[in-house]
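Chemist: Shown below is the structure under consideration.
The values are calculated or read from the model by the stated rules, or taken from the named source; none is laboratory data. Just so we're clear, the structure is a prediction, and the values are computed from it rather than from any experiment. Note that each Cβ is placed from the backbone with ideal geometry, even for glycine, and that neighbours are counted across all protein chains shown. Note: accessible area is taken over every heavy atom of the protein model, side chains too, but ligands, DNA and RNA are not part of it. Shrake-Rupley method; radii C 1.70, N 1.55, O 1.52, S 1.80 Å.
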Amino acid sequence: LDRLKPFEVLFVDDGSTDHTLKVVRSFSELPLRILRSRINRGKGFAVRRGVLRARGDWILFMDADASSDIRELDRFMRYGDRYDVIVGSRSIRRGLVQHPEGPVRSVAGWLGHQLIGLLITRAIKDLLCAFKLYRRRAAREIFTRQTANGMAADFEVIFLAMQLGFRV
């Protein structure tokens, strides 16, 4: 990450009731900003809030449990001159995600991919992967229009990106 400086880590706490916030605060060596909500409003709301408050030219969304390897960011940046939105995939390369989701989320993801494949594109293999990189301009245009607060936000964001003509 040193070669990507300056950078910020923006943590959005969406009403968590566990010790996540305490763990995040222990990373005092990082340029950390925390946005807290007292109530849980959903993944879509939290991601939108964080993306719209981010300051960088590139905005990486990833889950706080670090289930995706941050070193994959190097691979993503190789495509930065060709794409506005880069989506990780747990199905292309085993090991990218260390903690796979449970069966309900897996089935929901599969169904969502089938629907998106019919409506938009089959080129994106894993819309629910919590490792997505956005060019700042694309992120602003997409997330100011995004309305879904739950898991449907992952699908809506890609739909909007493609509808707005961004390279995904």
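Chemist: Is it the case that region 123-136 has a residue that's part of a helix (DSSP H, G or I), modelled with pLDDT of 85 or more and either out of contact with any Lys or Arg (no Cβ under 6 Å at 6 or more places or on another chain) or open to solvent by less than 60 Å² (accessible area, probe 1.4 Å) (or both)?
Modeler: Yes: region 123-136 contains one or more residues that are part of a helix (DSSP H, G or I), modelled with pLDDT of 85 or more and either out of contact with any Lys or Arg (no Cβ under 6 Å at 6 or more places or on another chain) or open to solvent by less than 60 Å² (accessible area, probe 1.4 Å) (or both).
Chemist: Right, something else. What are the residues in region 14-64 that are free of Cβ contacts under 8 Å to residues at least 60 places away in the same chain and of a type in the set (Gly, Ala, Ser), if any?
Modeler: Across region 14-64, the qualifying residues are Gly15, Ser16, Ser26, Ser28, Ser37, Ala46, Gly50, Ala64.
Chemist: So, of the residues in region 18-53 that are among the charged types (D, E, K, R) and surrounded by fewer than 12 Cβ atoms within 10 Å (Cβ to Cβ), which turns out to be modelled with the lowest pLDDT?
Modeler: For region 18-53, the residue satisfying everything is Glu29.
Chemist: So, in region 54-88, of the ones that are open to solvent by less than 30 Å² (accessible area, probe 1.4 Å) and in a helix (DSSP H, G or I), which residue ends up nearest to Val9 (Cα to Cα)?
Modeler: The selected residue is Leu73.
Chemist: Now a separate question. In region 63-107, what count of residues is obtained for those that are at pLDDT 75 or above and of a type in the set (Gly, Ala, Ser)?
Modeler: The total comes to 6.
Chemist: So which residues in region 1-13 are touching a residue at least 12 places away in the same chain (Cβ under 8 Å) and either part of a helix (DSSP H, G or I) or surrounded by 12 or more Cβ atoms within 10 Å (Cβ to Cβ) (or both), if there are any at all?
Modeler: Leu4, Phe7, Glu8, Val9, Leu10, Phe11, Val12, Asp13, listed by residue number.
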